[in-house]
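The values are calculated or read from the model by the stated rules, or taken from the named source; none is laboratory data. Computed from a prediction, not measured in an experiment: that's the story for all the values here. In this analysis, Cβ positions are derived from the backbone assuming ideal geometry, glycine residues included, and neighbour counts consider all displayed protein chains. Each accessible area value is taken on the protein alone, full model and side chains, heavy atoms only, with ligands, DNA and RNA left out. Shrake-Rupley method; radii C 1.70, N 1.55, O 1.52, S 1.80 Å.
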Amino acid sequence: MFDLTGMTALVTGASGGIGSAIAKGLAAQGARLAVSGSNVAKLEAFLTELGGEGHVAVPCDLSDAAAVDALVPQAVAALGGRIDVLVNNAGVTRDNLAMRMKDDEWDQVIRVNLEAAFRLIRAAAKPMMKQRFGRVISITSVVGQTGNPGQANYAASKAGLVGMSKALAQELASRNITVNCVAPGFIRSAMTDGLPEAQKTQLTARIPAGDLGTGEDIAAAVVYLASKEAGYVTGQTIHVNGGMAMV
Amino acid sequence: MSETADRVKKIVVEHLGVEADKVTEDASFIDDLGADSLDIVELVMAFEEEFGVEIPDDAAEKISTVKDAITYIDEHKG
């Protein structure tokens, strides 16, 4: 089950914590990847770490609309003419209390997290329609559902992805293209590793599973949604959060 | 019948799965041939590929019959 042999996937933010776990998860099931990110050196290093054959790196600055519009055609060409899976994983935060939030803190987060995802899906829908097969998976966040103080921009962008995915799921379902989201809770990463012990204890107290999640927990949900077996699942969000929010 | 017309009709028959004799020049994609808006997008993509023409969105919106498509392509193909 969940064999992705012969499939190709574009993963944004692939050199990050969750993104690299997703890329490895998809590759482990046999998919050929185009990994994207803004830091070229980090991306090349990740491609080497990924190993295997047929994977390519396609760097892109997701805050640059023209570059985003060019990314899918670039990836399709590099992957030999197919794009079966698009994973919108890249995301940024510019946290601030709403009253203090600058226009560019709002704009940057919406542009990278939401608008870039829309541009990529719009571009990928064309080849996916022709193939009569496609899997679009956007990585959202538990805070898109619950909100979080200091993250009005981030929460809005993540909730926006959910609504957008539901609309696109309806537009594309008849062409065997599914559009879904995976919503991580607190995931172990360089950011959470740096938290003071007291704060970590407080954080985990809110999680019924009693621990932070891992990138692999998220990757498993993405692999499932990317698979042929998940073809009847569309417009949904899989929450992977140890039970910290049940929706 | 022009060569363009033949190729357009062939694409319509293949994409919409309709009988060839239903694809008259006056036939409307949506009203007569049962196409939905997504089918129209796909047909336009197929025309672009077949004839090597670019059909911008505002032109695509005006193509509602088989004849509209043939006329546009004849006027714009290289």
Could you check segment A:89-118 and list, in sequence order, the residues that are open to solvent by 50 Å² or more (accessible area, probe 1.4 Å), over 17 Å from A:G16 (Cβ atoms), in contact (Cβ under 8 Å) with a residue 40 or more places away in the chain and touching a Lys or Arg at 6+ places or on another chain (Cβ under 9 Å)?
A:W106
A:G210 loosely packed, with under 15 Cβ neighbours inside 10 Å and without any contact (Cβ under 8 Å) to a residue 40 or more places away in the chain:
yes
Test: residue in segment A:182-191 that is over 23 Å from A:A117 (Cα atoms) and not in a loop (DSSP other than H, G, I, E, B):
yes
Of all residues in segment B:17-29, count the ones that are closer than 22 Å to A:L172 by Cβ and modelled with pLDDT of 95 or more.
1
Sort out which residues of segment A:110-136 are touching a Gly at 6+ places or on another chain (Cβ under 8 Å), of a type in the set (A, V, I, L, M) and away from chain B (no Cβ under 12 Å), and write them in order of number.
A:I110, A:V112, A:L114, A:A124
Look at A:A155 and say whether it is within 14 Å of another protein chain (Cβ to nearest Cβ), open to solvent by less than 40 Å² (accessible area, probe 1.4 Å) and either free of Cβ contacts under 8 Å to residues at least 60 places away in the same chain or out of contact with any helix residue (DSSP H, G or I) (no Cβ under 6 Å at 6 or more places or on another chain) (or both).
no
For segment A:119-141, does any single residue satisfy the condition of being touching a residue at least 60 places away in the same chain (Cβ under 8 Å), closer than 26 Å to A:R206 by Cα, among the hydroxyl-bearing types (S, T, Y) and touching a helix residue (DSSP H, G or I) at 6+ places or on another chain (Cβ under 8 Å)?
yes
Matching residues, segment A:45-77, being open to solvent by 60 Å² or more (accessible area, probe 1.4 Å) and not in a helix (DSSP H, G or I):
A:G52, A:E53, A:D61, A:D64
Scan segment A:158-186 for residues that are open to solvent by 20 Å² or more (accessible area, probe 1.4 Å) and closer than 26 Å to A:S15 by Cα and jot them down.
A:A159, A:G160, A:V162, A:M164, A:F186
Looking at A:A209 and the list (1) under 19 Å from the mean Cα position of the chain (by Cα); (2) within 23 Å of A:A190 (Cβ to Cβ); (3) small (G, A, S), which single condition is not satisfied?
(1)
